[in-house]
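Beneath this line is the structure, given in structure tokens, with notes to follow.
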There are 2 protein chains.
Amino acid sequence: MASSIHDLARHLNISIGTVSRALNGRADVNADTRQRVLEAAKQLNYAPNQSGRSLRQGATHSIAFMLQPHPGDQQYGEPFFIPFLTGLQGRLAESGLDLIVVMGAPGDYQQERLRRVVETRRADAVVLAWTRREDERIDYLTERGFPFATLGRSRSGGKSYPSLDLDFEKAGSDAVDRLVARGHRRIAAVRPALNLNFGYLFLDGYRKALKRHGIEVDPGLIADGFINEGGGYQVTPRVMLSKDRPTAIIYNNDAMALGGCKALAEMGIRPGHDIAVTVIVDTPLCRYFSPALTAFRPALQPMGRRLAEMLLASLPAFAGPEGTRIMREVWPLELIARESD
Amino acid sequence: MASSIHDLARHLNISIGTVSRALNGRADVNADTRQRVLEAAKQLNYAPNQSGRSLRQGATHSIAFMLQPHPGDQQYGEPFFIPFLTGLQGRLAESGLDLIVVMGAPGDYQQERLRRVVETRRADAVVLAWTRREDERIDYLTERGFPFATLGRSRSGGKSYPSLDLDFEKAGSDAVDRLVARGHRRIAAVRPALNLNFGYLFLDGYRKALKRHGIEVDPGLIADGFINEGGGYQVTPRVMLSKDRPTAIIYNNDAMALGGCKALAEMGIRPGHDIAVTVIVDTPLCRYFSPALTAFRPALQPMGRRLAEMLLASLPAFAGPEGTRIMREVWPLELIARESD
DNA sequence: CGTTTTTCCGTAAACGTTTACGAGAACACA
DNA sequence: TGTGTTCTCGTAAACGTTTACGGAAAAACG
């Protein structure tokens, strides 16, 4: 059905080798011949079969991003990633690479799907997100020597891969600084219960800042919950019922903050009036919520671009100068002051 | 590096043909041999090279979904699609197919990327969304005989492909009915300016319902704008400054509604008090906005599952009974009454 | 025991590319 | 004219699978 390089060769009365060389811009082909080949290719709208290409070259020319909805709130999903993916894909396309997003079922852990992608060689490299503190996937990939990059840090795998993360520690610290400056001293922290790495970073920043201000860290004001609305809803009363009620809460996730605000509302506590609410990692929901939530915003699209660059630099086929191989960057979050604190 | 079927064969001292047959569950292989092969495969963690497989079989075992962020609001993206994709991927996985999401740059039209996917045979079929009234992509695919299914209807391509759509006409009509029942007679409609098909369906329903209620359709109350916040913001004053000001607005898109509400706020008009606002196609943003927006909600995840089934039925390799080949379904939208009307 | 059937497996071709190798022709140079 | 160089192209192997075909051995049957 679809035209192959043989059709093209037959049509032009030359060998498939020459056709291939002409198409791939190799030097040892006559200018006229190349011209004729290019025209014929356009005319028969020939495009090289990707499977054949990959098989021969041992490279798929595509990068996989593993995407997986959180369990729980089905309606919500991951608006967070779209701008990131846009940046990622933009940069990859410039180097002739396709981005394929591999969807997983919500909830089931990515390990199996990742193995499939890697072992069936569906992609030349993968990009991981939601890195955990100890991350099985990272161990697997490093052990297997498969190229990858991560959005987020991890303790796993040493420093052998490019990674780009947000400065959750500084955000946690800044959030506390701001609240203290506004007179708060009882400040709660709510973070996801999975051992997602950013939860730890956030809490570190939170703790250090409190200490810096001479405020004792009260374990009763720290809570972990499911990383979705339900989690925030469930866990918020726990910190609010602490014997000395907090006057501020920092949520380490937008969905948890929204669920938390629902719980607060049911307790008759109004964010922005009776309590200060700050959320780390802004999403459009924070902006539109009422009251609009003060939040820390990442530059997702540039981050996507940058991580693509870092990944490319780590791939032999695209590698730049030796020194630029492995990179790790931590990007700031920008405070967007709104109404909730 | 990665183990091939040859390694496996050598390791077991049998031929690669037998290994392949054992792995693929063919009948003509001894039970013991199969067992040994399976074990060895697990042990050497062998997985068939996807490129080799595809090349030989002429099938990639993967379905592509073309995803493309809208231009404009970078922070927003497409939370709409995630639940849909979850359903789609779930059903496809059950038939051993992978879902790959092919990202495009925001703004640039999908046609080129689609050609790439099709002509390089990266997928066995594609799923299209954001169908337009006349859709170049659909023409291309039908002409080329490439299997596909669409989320949304179109005038293009006849009835030769499976499609699943939401009943925007009924939603538009229901929205009007509800507003009329609540005493409104000056009802505006705002929809996207691109010739996205659902915009037409919505407007049809809107017009018919008005006529049914004996209300004249006022062109001054109908406006098209960019399908993002900016579009809603820009276009809302136009209908509000109509000589006989509307008392209700129906937005055909959530982002446009949010932008519209911003414009209304700047004019000192409060949704839910001074004007009724309804939006067609609910998203989480509608729920969290203040006032919470009355909206029509789709069952995205089941729709994803269903469209996968319809697509599978249209693929020769998976086809069920002859009669079930081509299907077209229109699903209802559920009214979620909130505070804005 | 001879014949037929069944079971199981090896051989080799094919899918569509890319690329190392070599060879003929044209050219340059002395 | 002889020799070396440069251009250009064809040949064929290789990538990792699947599968049609045939054949040897085993089983079934008379």
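General observations
- Nm distances between copies for A:LEU44, ranked from closest, using label points 7 Å along Cα→Cβ: 3.8
- For segment B:98-184, the set of GluC sites (Glu not before Pro) satisfying both a DSSP loop assignment and a count of at most 13 other C-beta atoms within 10 Å is given as B:GLU134.
- For A:GLY25, label point 7 Å along C-beta direction: distances to other copies, nm: 4.5
- Interface between chains B and A: roughly 5100 Å² of accessible area buried, both sides summed (probe 1.4 Å, protein heavy atoms only).
- Projected label points at A:ARG182 and A:ASP244, each 7 Å from Cα along the beta carbon direction, are separated by 2.1 nanometres.
- The label point for A:ARG26 and the one for A:ALA317, both projected 7 Å from the Cα toward the Cβ, are 1.7 nm apart.
- Residue-averaged 222 nm ellipticity for the protein assembly as shown, from DSSP H runs of 4+ at -39500 (n - 2.57), nearest 500: -13000 deg cm²/dmol
- What a 1.4 Å probe finds exposed on segment A:168-297 is 51% carbon and sulfur by accessible area, rounded to a whole percent.
- Distant-in-sequence amide H partners of A:GLU334 (H built 1.01 Å from N, under 5 Å): A:ARG297
- Part-to-part distance (alpha-carbon centres) for segment B:138-189 and segment B:205-250, which is given in Å: 19 Å
- Listed by chain and number, the aspartates and glutamates placed with their C-alpha closer than 17 angstrom to that of A:LYS243 are A:GLU216, A:ASP218, A:ASP274; residues fewer than eight positions away on the same chain are left out.
- Label distances, nm, A:GLU134 versus same residue in remaining copies, Cβ-directed 7 Å point: 6.2
- Chain B, closest residue to the rotation axis toward A, by beta-carbon, whole angstrom: B:SER290, 1
- Couplings 3J(HN,Hα) of segment B:212-223, computed from phi: 4, 8, x, 9, 6, 7, 9, x, x, 9, 10, 9 Hz, in residue order, whole Hz [Karplus 6.51 cos²θ - 1.76 cosθ + 1.60, θ = phi - 60°; x for Gly and Pro].
- Links that overshoot a 31 Å alpha carbon limit, given the list B:LYS170/B:LYS262; A:LYS262/B:LYS170; B:LYS159/B:LYS262; B:LYS159/B:LYS208; A:LYS208/B:LYS262; B:LYS208/B:LYS262: A:LYS262/B:LYS170; B:LYS159/B:LYS262; A:LYS208/B:LYS262
- Oblate is the label for the protein assembly as shown. Its Cα gyration tensor axes, ordered a ≥ b ≥ c, give a/c of at least 1.5 and b/c at or above a/b.
- Between B:ALA193, B:ALA317, B:ALA209, the GNM of chain B built on Cα springs shorter than 10 angstrom shows B:ALA317 fluctuating the most.
- Rounded to the nearest Hz, the phi-derived 3J(HN,Hα) couplings of segment B:34-48 under the Karplus curve 6.51 cos²θ - 1.76 cosθ + 1.60 (θ = phi - 60°) are 4, 4, 4, 4, 4, 5, 4, 4, 5, 5, 7, 3, 8, 9, x, where x marks glycine and proline.
- Near the amide H of A:ASP165, within less than 5 Å, lie the amide hydrogens of A:GLY152, A:GLU329, A:VAL330, A:TRP331, all on another chain or at least 5 residues away, with H placed in the peptide plane.
- Karplus-derived HN-Hα couplings along segment A:278-292 (A = 6.51, B = -1.76, C = 1.60, θ = phi - 60°), whole Hz, x at Gly and Pro: 10, 10, 9, 5, 5, 9, x, 4, 4, 5, 8, 5, 10, x, 4
- Per residue, segment B:63-216 exposes 34 Å² of solvent-accessible protein surface, assessed with a 1.4 angstrom probe and all protein chains in place.
- Whichever aspartates and glutamates have a C-alpha closer than 18 Å to that of B:LYS42, once near sequence neighbours (fewer than 8 apart) are set aside: A:GLU112, A:GLU119, A:GLU143, B:ASP7, B:ASP32
- Trypsin sites (Lys or Arg not before Pro) within segment A:163-236: DSSP coil, no more than 12 neighbouring Cβ in 10 Å: A:ARG182
- When chain A is described by a simple charge dipole with +1 on each Lys and Arg Cβ and -1 on each Asp and Glu Cβ, the residue from A:GLY158, A:VAL29, A:TRP331 located farthest towards its positive end is A:VAL29.
- Average Cα contact separation per residue, segment A:168-297, under 8 Å, 6 or more apart, as relative contact order %: 25 percent
- Sparse-neighbourhood loop sites, trypsin sites (Lys or Arg not before Pro) in segment B:1-60 - DSSP loop, at most 16 other Cβ within 10 angstrom: B:ARG26
The values are calculated or read from the model by the stated rules, or taken from the named source; none is laboratory data. Bear in mind that the values here come from a model prediction, so they are computed numbers and not experimental data. As a convention, Cβ positions derive from the backbone with ideal geometry for all residues, glycine included, and neighbour counts pool all protein chains shown. The area values use the complete protein model at the heavy-atom level, side chains included, leaving out ligands, DNA and RNA. Shrake-Rupley method; radii C 1.70, N 1.55, O 1.52, S 1.80 Å.
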